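To start, the structure under review is shown below, and the notes come after it.
The values are calculated or read from the model by the stated rules, or taken from the named source; none is laboratory data. Keep in mind that this is a model prediction, so the values were computed, not measured. What goes into the accessible areas is simple: the full protein's heavy atoms, side chains included, and nothing from ligands, DNA or RNA. Shrake-Rupley method; radii C 1.70, N 1.55, O 1.52, S 1.80 Å.
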Amino acid sequence: MDLNYQNIAVLEPDLDILNLYEISLHEFDYSFKGFTNPRSLLEYIHSEPKQVGFLIMEYKLEGNITGCEAADKVNSIDSKIKMAFLTGYHDIINNRLELEIIMKPIPITQLLKIVKKYMD
């Protein structure tokens, strides 16, 4: 992993879940940035280039943007960011970007395995 791409970013609209991920990832010494909406995530990636190495993003987002659309926008800013979708919607089998889909609820130990896979 490029030394510049050290942060894990999570886009999760539920602040309680986002806080749980933050606590768990910090406990295992991962650098973390959490976002509850796509706009703030995209602004961060644009203003802080090469900071995010791995993005875990809710597949079904609130508002007028989908997970695939958000992923497209992230790619247009920085195509080196690795991404995976996180969702509780079990009807999602494929996505046009062919990103890994992580099903909620996810035990923290499983989340850490996935993070390790993408960050190490």
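With a 1.4 Å probe rolled over the protein heavy atoms of all chains, the accessible area of E100, E58, E69 falls in the order E69, E100, E58, largest first.
Taking H26, H46 and ordering them by how much accessible surface each has at a 1.4 Å probe, largest first, produces H46, H26.
Solvent-accessible surface of the chain, averaged per residue with a 1.4 angstrom probe and all protein chains in place: 57 square angstrom. With the helix formula -39500 (n - 2.57) applied to DSSP H stretches of n ≥ 4, the chain reaches a computed 222 nm mean residue ellipticity of -12000 deg cm²/dmol. In the chain, the inverse of the mean reciprocal separation of distinct Cα atoms equals 14.2 Å; this is its Kirkwood hydrodynamic radius. Once backbone amide H atoms are built at 1.01 Å from N, A9 has K33, G53, F54, L55, I56 as its partners under 5 Å, excluding neighbours fewer than 5 places away on the same chain. Largest GNM mean-square fluctuation among Y44, Y21, Y89, using the chain with Cα springs under 10 Å: Y89.
Taking all protein chains together and rolling a 1.4 Å probe, L61 ends up with roughly 20 Å² accessible. Taking every C-alpha pair closer than 8 Å and separated by at least 6 residues, the mean separation divided by the residue count of the chain gives a relative contact order of 25 percent.
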